[in-house]
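The values are calculated or read from the model by the stated rules, or taken from the named source; none is laboratory data. Predicted, not measured: the structure shown is a model, and the values here were computed from it. Methodologically, a virtual Cβ is constructed for each residue, glycine included, from the backbone with ideal geometry; neighbour enumeration extends over all protein chains shown.
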């Protein structure tokens with residue numbers, strides 16, 4: 001893998017966007033699980 | 001376990017992003033850099049196709065069991081299929097602007113994905129027009145099953161029937177991929193990653209829909 005060249009900025013922006021989407025989805029998934037567990041309790 | 005799977009997916013797609021720019025070589029016949037869109041455009045179109053087919057399968061299951069959970073799964077699969085389809089169309093239009101000089105050219109592939117998006121947009125309109133949940137589920141399931149014929153025709157058959165400027169599909173007329181192995185590896189890895197992302201989104205969205213339906217039932 002050759003890391004020279006001018007793509008570093010594009011890769012960094014892509015990784016930041018993907019990580020943002022991922023963390024939002026992870027948080028949403030956890031919140032849904034918490035609500036589901038709360039609703040199960042009598 | 002689910003969290004571990006999620007972090008593995010994060011790592012997988014991050015590696016795909018790095019691989020798309022640093023591992024895969026420049027594809028022949030493309031302007032410098034425009035081929036990178038391929039690694040995201042093709043998997044998004046694939047995830048959209050998979051979502052529409054999965055929706056048809058869930059619809060068949062609904063009609064067999066009359067279990068509204070299958071109807072919910074089909075509905076969410078079509079919503080997400082539309083989302084991925086729109087993203088594939090936008091990324092394709094950006095690529096077309098670079099390679100062909102215009103965002104929209106009425107190329108057979110552009111036209112067929114547009115028709116498919118309109119077809120599934122009509123599915124959502126149909127659902128919105130029927131109040132009774134059982135009747136809505138029955139009608140929507142019958143419509144989504146039509147997709148088993150419409151979607152493969154629009155994604156696979158129609159673009160191959162006429163002349164197109166679009167690059168050869170991953171699996172070409174000879175039935176085998178014709179591209180450098182590094183490009184194929186990143187493309188397949190991206191396809192796996194986007195499919196997993198699709199089904200993770202599907203799981204979360206379906207559970208949210210179930211909670212919302214339970215809440216609205218309690219309020220009535």
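Taking segment A:12-42, which residues are within 9 Å of chain B (Cβ to nearest Cβ) and either outside any helix (DSSP H, G or I) or more than 19 Å from residue B:4 (Cβ to Cβ) (or both)?
A:14, A:15, A:35, A:36, A:39
Under 7 Å between Cβ atoms, which residue pairs at least 6 apart in sequence (or on different chains) link something in segment B:1-28 that is more than 11 Å from chain A (Cβ to nearest Cβ) and touching a residue at least 24 places away in the same chain (Cβ under 8 Å) with a partner that is surrounded by fewer than 14 Cβ atoms within 10 Å (Cβ to Cβ) and not in a helix (DSSP H, G or I)?
none
Which residues, taken from segment B:207-220, are within 10 Å of another protein chain (Cβ to nearest Cβ) and either over 27 Å from residue A:27 (Cα atoms) or in contact (Cβ under 8 Å) with a residue 40 or more places away in the chain (or both)?
B:210 - this is the single residue of segment B:207-220 that is within 10 Å of another protein chain (Cβ to nearest Cβ) and either over 27 Å from residue A:27 (Cα atoms) or in contact (Cβ under 8 Å) with a residue 40 or more places away in the chain (or both).
For segment B:29-73, which positions are at positive phi and either crowded, with 19+ Cβ neighbours inside 10 Å or away from chain A (no Cβ under 14 Å) (or both)?
Passing the criteria: B:29, B:66.
Looking at B:203, B:190, which is the one that is under 16 Å from the mean Cα position of the chain (by Cα), free of Cβ contacts under 8 Å to residues at least 24 places away in the same chain, within 14 Å of another protein chain (Cβ to nearest Cβ) and assigned to a helix (DSSP H, G or I)?
Working: B:190 fails: free of Cβ contacts under 8 Å to residues at least 24 places away in the same chain.
Criteria check complete, one pass: B:203.
Being crowded, with 21+ Cβ neighbours inside 10 Å, under 17 Å from residue B:190 (Cβ atoms), touching a helix residue (DSSP H, G or I) at 6+ places or on another chain (Cβ under 6 Å) and modelled with pLDDT of 95 or more: is that true of residue B:84 here?
yes
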